[in-house]
Amino acid sequence: MRREKKLQITTVKNHKTTDGNTIISILVPYFCDDPTPLIEALSNQNTKQVELVLYDDGSLDGRLTQKVTHAIQSANMPVRLLIANQNMGRSAARNHLEQAAHADYVLFLDADMMPDKETFLQTYIEQIKQNNVAIVFGGFSVAQETIDHKFDLHRALSAGSDCLPAAQRNLLPAKHVCSSNLLVRKDVLSTCPFDTGFIGWGWEDVEWAARAAEHYPIIHIDNPALHLGLESAETLVRRYRESAGNYARFAARHPDLAQQLPSYRTAKLARRIPGLKLLRPVLSALARDPWHLVPMKIRIFALKLWRAGWYAETLV
């Protein structure tokens, strides 16, 4: 019988220390991504009341660790790096980070993000001081153009569905929460931790927001973080298929919210399309568009219908 490897976490930190004035712990999980540009960008902001904690979720990359360690030592704020010896998944990584945070508020960011404004951190500090907020989501932005055409689909998809103004996101707050650029009071996470039953990519953040919204208000503001880590069309097609299990877990737990989402209505529609399974290769090819010939609206439609077909099989 195979014995499970025991989780071990090694800590690396710089010479700066936190004190009682620390308001925000910035928490950054990553797996094989390079967070050094984010470390440098945050270090250039007002960091007097901020600490940074990173969690390497089992990358096992010595060169990357060395590079991150060098950036940590040069940072203008207290920084710790937690290095796990195995990959435990996004929810587990965020729970470990929350437990390591010293401040009463935590700000989740992804390693492939950058602050969109010089006042990025100060805006969150003011929200805490003025409003004693529980949950605040700042939103996303994406580059107007992509250098590599393989990222065009993700950029267009994000621009149309993720990069929404706060006024629009506040109409259905839980739906538009992501687990990055997310400010949360620590006692909220103690009451509502991320569900480690979600495996891989997708829906763990919306499910968490749905639970948290039952007890705490969710506020959306316009304080975006620039999303640099766009995925290729090949990766999106794969991830959308693999996220079906997570979607089923979310929809079973929060049927009322699920039924308000376009993904649910599209999945229901997909169940009524005869022969949709036979069309999957066509939908996948249209979304990936290796020829760079298909109009973007058709690529997005094909990707969403591809996802809907897989999601439809999980609906009870």
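Tabulated data for the structure shown
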read-out: Cβ-Cβ under 6 Å pairs, at least 6 apart or on other chains, region 239-262 side closer than 22 Å to LEU153 by Cα, far side part of a helix (DSSP H, G or I); value: TYR240/ARG307; ARG241/TRP310; ALA244/TRP310; ALA244/TYR311; TYR247/TYR311
read-out: Every residue from region 112-123 that is in contact with a helix residue (DSSP H, G or I) (Cβ under 8 Å, 6 or more places away or on another chain) and within 11 Å of ASN181 (Cα to Cα); value: MET113, MET114, PRO115, LEU121
read-out: Hits in region 120-154 (condition: free of Cβ contacts under 8 Å to residues at least 24 places away in the same chain, polar (S, T, N, Q) and part of a loop (DSSP other than H, G, I, E, B)); value: ASN132, GLN144
read-out: Residue count, region 218-262 (criterion: under 30 Å from ASN131 (Cα atoms), polar (S, T, N, Q) and not assigned by TED's automatic domain parsing to the domain that holds TRP203); value: 1
read-out: Flag for LEU157 being under 20 Å from the mean Cα position of the chain (by Cα), over 18 Å from ILE221 (Cβ atoms), not in a loop (DSSP other than H, G, I, E, B) and not polar (S, T, N, Q); value: yes
read-out: Members of region 164-183 that are over 15 Å from TYR124 (Cβ atoms), in a helix (DSSP H, G or I) and not charged (D, E, K, R); value: ALA167, GLN168, PRO173, ALA174, HIS176
read-out: Any hit, region 168-191, residues being among the hydroxyl-bearing types (Ser, Thr, Tyr) and surrounded by fewer than 19 Cβ atoms within 10 Å (Cβ to Cβ); value: yes
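A quick yes/no check of all residues on (1) more than 23 Å from SER179 (Cβ to Cβ); (2) touching a strand residue (DSSP E or B) at 6+ places or on another chain (Cβ under 7 Å); (3) part of a helix (DSSP H, G or I):
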site	(1), (2), (3)
LYS6	yes, no, no
HIS70	yes, no, yes
LEU81	no, yes, no
MET88	no, no, no
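Yes/no per residue for (1) in contact with an Asp or Glu (Cβ under 9 Å, 6 or more places away or on another chain); (2) at pLDDT 95 or above:
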| residue | (1), (2) |
| --- | --- |
| LYS175 | no, no |
| ASP187 | yes, no |
| PRO193 | yes, no |
| GLU204 | yes, no |
| ILE219 | no, yes |
| LEU226 | yes, no |
| GLU231 | no, no |
| PRO255 | no, no |
| ARG272 | no, no |
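The values are calculated or read from the model by the stated rules, or taken from the named source; none is laboratory data. Every value quoted in this text rests on a predicted model; they were computed, and no experiment measured them. No Cβ is skipped: glycine too gets one built from the backbone with ideal geometry, and neighbour counts run over all protein chains shown.
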